[in-house]
Amino acid sequence: MTTPLISLVWTDHVTGRQGFLVVDRLVRGVASGGLRMRPGCTSAEVAGLARGMTMKEALHYDPAGRYIPLGGAKGGIDCDPRDPGAYGLLVRYLRAMRPYIESCWATGEDLGLSQDLVDRAAAEAGLVSSIQAVYPLLDDEPAARRRLADAFAVEVDGIGLDELAGGCGVAESVLAALDRAAVPYAGTRVAVQGLGTMGGATARFLARAGLTVVAVADLKGTIANPAGLDVEALLAARDGHGTVDRGVLRPEDRELPGDAWLSVRAEVLVPAAVSYVIDSTNQERIRARWIVEAANMPVVPGAEAPLAARGVTVLPDVVVNSGTNAWWWWTLFGDVGADADEAFTHIRRSMRALVGLMLDRAEADGTTPRAAAHALVTERLPVIADRFGWYR
């Protein structure tokens, strides 16, 4: 892995807690990547996430598109988002990072933080927007900002389009893999870890496609039903952190330990919450055929080889969960409008093409899908750099 362009560690003068910013690469002077808040967040974690953002941007490079990929970056704060002092800490972090957000880092929600919360804290920190660094690259800034604001106001059956975009991409990745293997949707079982923005939307799209969601996990534990869960009821009963009110469970729904989702009988596992959740030890419990990384870095490197040896295919995060970031920029730059159907059509088409390209490359090279995705990035980054300049 290359050395990041910028790597900062910030210490809050009020609480002593640390925050991090890593800019892995700049393209046209700007890098894109969200801000996460979780207890135990580290500089190394943020650096890995920033590198992942560089890869996601490169994988969506389309020379004919209005959206031209940016570089990759990431921010992180070591704090429980439920801590009473978390919001004040977020404001102070954004205030400290203001020079970078104004000039080169376009950021937004990630694990532990909603976009509404980021927007409110950014305003309090004196920022115009969390993505203002990208504004100079727009042909018509007022129109672009209106289009994105309009898109964020769109809801589909009670859930915002901004929350659904990423899950649509994850679900389409699952469906593309099933189609390639000639596995019918009906009867295919899914377990989802995390029912927040990404996991919740993924569960909805997969259930509506005809798959059976047999388990979901949140902070309170795993909810399971071999015959299938009522996904819409669970989504409607979530709090702001994706925790389900158990009062909506049906008599046949079972409550299991938090890690039970790993070993349920399901063809597809979707880790959609925290990083490093599948390791070299607990991977032995997995009976699924596919692990689809909706979260960032959920499968540790030491787990992937034994999984592959047992015939378990890992579809990597840099492809699978890249739809959220891409949708933001497709909308802002004008490749799609503020319309759910248009957005979902574009996401599905783009993700299916990208997953197909990755799996074709893995088959041709005799490698894993992750190695194939990395190979595609290695080929595309010099092309992007030759067109827009090197910043390393």
What residue, of Val355, Val377, Val383, is closer than 24 Å to Arg28 by Cα, in contact with a helix residue (DSSP H, G or I) (Cβ under 6 Å, 6 or more places away or on another chain) and part of a helix (DSSP H, G or I)?
-> Val377
Any chance you could count how many residues in region 226-245 are within 19 Å of the chain's Cα centre (by Cα) and either surrounded by fewer than 16 Cβ atoms within 10 Å (Cβ to Cβ) or over 15 Å from Ala201 (Cβ atoms) (or both)?
-> 3
Subset of region 291-305 (residues that are in contact with a helix residue (DSSP H, G or I) (Cβ under 6 Å, 6 or more places away or on another chain) and modelled with pLDDT of 95 or more) = Val292, Glu293, Ala294, Ala303
Within region 15-36, of all residues that are over 24 Å from Val383 (Cβ atoms) and part of a strand (DSSP E or B), the one most open to solvent (accessible area, probe 1.4 Å) is Gln18
Restricting the search to region 357-370, which residues are crowded, with 17+ Cβ neighbours inside 10 Å and either of a type outside the set (Ser, Thr, Tyr) or at positive phi (or both)?
-> Met358, Leu359, Arg361, Ala362, Pro369, Arg370
For the subset of region 1-14 comprising residues that are in a loop (DSSP other than H, G, I, E, B) and among the aliphatic types (A, V, I, L, M), which member is nearest to Met55 (Cα to Cα)?
-> Met1
Filter pass, Ala176 being over 26 Å from Trp261 (Cβ atoms) and crowded, with 19+ Cβ neighbours inside 10 Å = no
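Results for (1) surrounded by fewer than 21 Cβ atoms within 10 Å (Cβ to Cβ); (2) within 20 Å of Ala385 (Cα to Cα); (3) touching a residue at least 12 places away in the same chain (Cβ under 8 Å), shown as yes or no for each residue.
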| residue | (1), (2), (3) |
| --- | --- |
| Leu49 | no, no, yes |
| Thr54 | no, yes, yes |
| Asp62 | yes, yes, no |
| Ile68 | yes, yes, yes |
| Gly71 | no, yes, yes |
| Gly75 | no, no, yes |
| Asp83 | yes, no, no |
| Tyr93 | no, no, yes |
Yes/no for Asp116 being more than 21 Å from Ser322 (Cβ to Cβ), in a helix (DSSP H, G or I) and at pLDDT below 95 | yes
How many residues are farther than 23 Å from Gly240 by Cα and open to solvent by 10 Å² or more (accessible area, probe 1.4 Å) if we restrict to region 95-131?
-> 11
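Residue-wise test of (1) surrounded by 15 or more Cβ atoms within 10 Å (Cβ to Cβ); (2) over 18 Å from Leu269 (Cβ atoms).
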{"site": "Gly302", "(1), (2)": "no, no"}
{"site": "Leu307", "(1), (2)": "yes, no"}
{"site": "Ser322", "(1), (2)": "yes, yes"}
{"site": "Arg348", "(1), (2)": "yes, yes"}
{"site": "Val377", "(1), (2)": "yes, yes"}
When region 279-294 is examined, which residues are found to be within 20 Å of the chain's Cα centre (by Cα) and surrounded by fewer than 21 Cβ atoms within 10 Å (Cβ to Cβ)?
-> Asp279
When residues of region 270-293 are filtered for being in a loop (DSSP other than H, G, I, E, B) and under 12 Å from Pro306 (Cβ atoms), how many remain?
-> 4
Taking the options Ala326, Ala343, name whichever one is modelled with pLDDT under 95 and in contact with a Phe, Trp or Tyr (Cβ under 9 Å, 6 or more places away or on another chain).
-> Ala326
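The values are calculated or read from the model by the stated rules, or taken from the named source; none is laboratory data. Worth saying up front: this structure is predicted, and the values here are computed from it rather than measured. Positions of Cβ are backbone-derived with ideal geometry, glycine not excepted, and every protein chain shown enters the neighbour counts. Ligands, DNA and RNA are stripped out before the accessible areas are found, and what is left, the full protein with its side chains, is counted by its heavy atoms. Shrake-Rupley method; radii C 1.70, N 1.55, O 1.52, S 1.80 Å.
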